[in-house]
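Scroll down for the structure; my scribbles are underneath it.
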Amino acid sequence: MTAKTIVVGTDGAAPSKAAVRWAAREAERQGATLRIVHAFDWDWREAWYDYGDQYAEMAEKIAATVTANATDLAVAAAPGIEVRADTMMGHAAPRLLDVAETAELMVLGSRGRGGFASLMLGSVSQQVATHARCPVVVVRGNAEASDSPVTAGVDHSHAKDRVLETAFEAAARRGAPLTVVRSYLPLLPVWLTANVPEAALGTPAAKDADAAARADLDALVSPWAAKYPGVRVETVLSHDGAAAVLARMSAVSQLVVVGSRGHGGVAGTVLGSTGLQLLHHAECPVWIAR
């Protein structure tokens, strides 16, 4: 049987260092090999006017230093894992997407070395997260938390079982509780009901709808809870938008798991709006299950 491989992209910047440490610990949990990949784009202007290869050699030495430092970080974070390190010449996003074709999981930092400090998500991470064919984790916020719950966002899309499987497995590996969240729109939108007396809102019907939605969520979760009896699971039904409630819960979670495209996604898209918003605003690592 082929061993699992978790790939982490690095450029030596602080966000990618956090990603390397997170990926190393995840490789340890899964018994997987960690592959560290650094892609460097050799386009220094000086090289165009020089007939020698000194600039190429310098670029390769810098790249080798980046991967060597990342290897040291990984081994320090998870001493028992097998680590491979590769340097590749070319633009980072397409090279990482090529590597993702054979990876079990791709792990990325939230921003690269060349990003503006005000950006919440770097262009390479966004391109890979939205186009990779394998699951992707973007490590952001508090990546070192170990005693917080795992949170999963589900709806009725085809991705729901994959999200729940990923979330239950992640919680089981960590010995963490799991919170499963479903965003459910009430019969009347909040803005319309804000100034309407409760008696005029058809409260019994609203309560019945909420009860039906909760029963539906519990029915969705219960087969997975039976499969993972060691995971303590809680379900949360929210009238807020999915991205808003999951971003809020990320502040007290060690990981948020979502599908690559939700029930309302446009056919042909790879990452839905909820996942994309979380990649920009979550306060913990985000796992895109696909």
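The values are calculated or read from the model by the stated rules, or taken from the named source; none is laboratory data. The structure presented is a predicted model; accordingly, all values stated were derived computationally and were not measured. Positions of Cβ are backbone-derived with ideal geometry, glycine not excepted, and every protein chain shown enters the neighbour counts.
Could you grab me the full set of residues in region 45-68 that are at pLDDT 85 or above, surrounded by fewer than 16 Cβ atoms within 10 Å (Cβ to Cβ) and within 17 Å of residue 9 (Cα to Cα)? Steps first, please.
Step one: of region 45-68, the residues at pLDDT 85 or above are 61-68.
Those left that are additionally surrounded by fewer than 16 Cβ atoms within 10 Å (Cβ to Cβ): 61-62, 64-65, 68.
Those that are at pLDDT 85 or above, surrounded by fewer than 16 Cβ atoms within 10 Å (Cβ to Cβ) and within 17 Å of residue 9 (Cα to Cα): 62, 64, 65, 68.
When you check residue 42 against the structure, is it hydrophobic (A, V, I, L, M, F, W, C), surrounded by fewer than 13 Cβ atoms within 10 Å (Cβ to Cβ) and at pLDDT below 95, yes or no? Against the criterion (hydrophobic (A, V, I, L, M, F, W, C), surrounded by fewer than 13 Cβ atoms within 10 Å (Cβ to Cβ) and at pLDDT below 95), residue 42 does not qualify.
Of the residues 124, 128, the single one that is crowded, with 16+ Cβ neighbours inside 10 Å, at pLDDT below 90, in contact with a helix residue (DSSP H, G or I) (Cβ under 6 Å, 6 or more places away or on another chain) and in a helix (DSSP H, G or I) is 124.
Go through the residues of region 90-108 one by one and say whether even a single one is closer than 13 Å to residue 15 by Cα and either in contact (Cβ under 8 Å) with a residue 60 or more places away in the chain or part of a strand (DSSP E or B) (or both).
Looking only at region 90-108, we keep the residues that are closer than 13 Å to residue 15 by Cα, and these are 107-108.
Within this subset, residues satisfying the condition of being either in contact (Cβ under 8 Å) with a residue 60 or more places away in the chain or part of a strand (DSSP E or B) (or both) are 107-108.
Checking region 90-108: at least one residue is closer than 13 Å to residue 15 by Cα and either in contact (Cβ under 8 Å) with a residue 60 or more places away in the chain or part of a strand (DSSP E or B) (or both).
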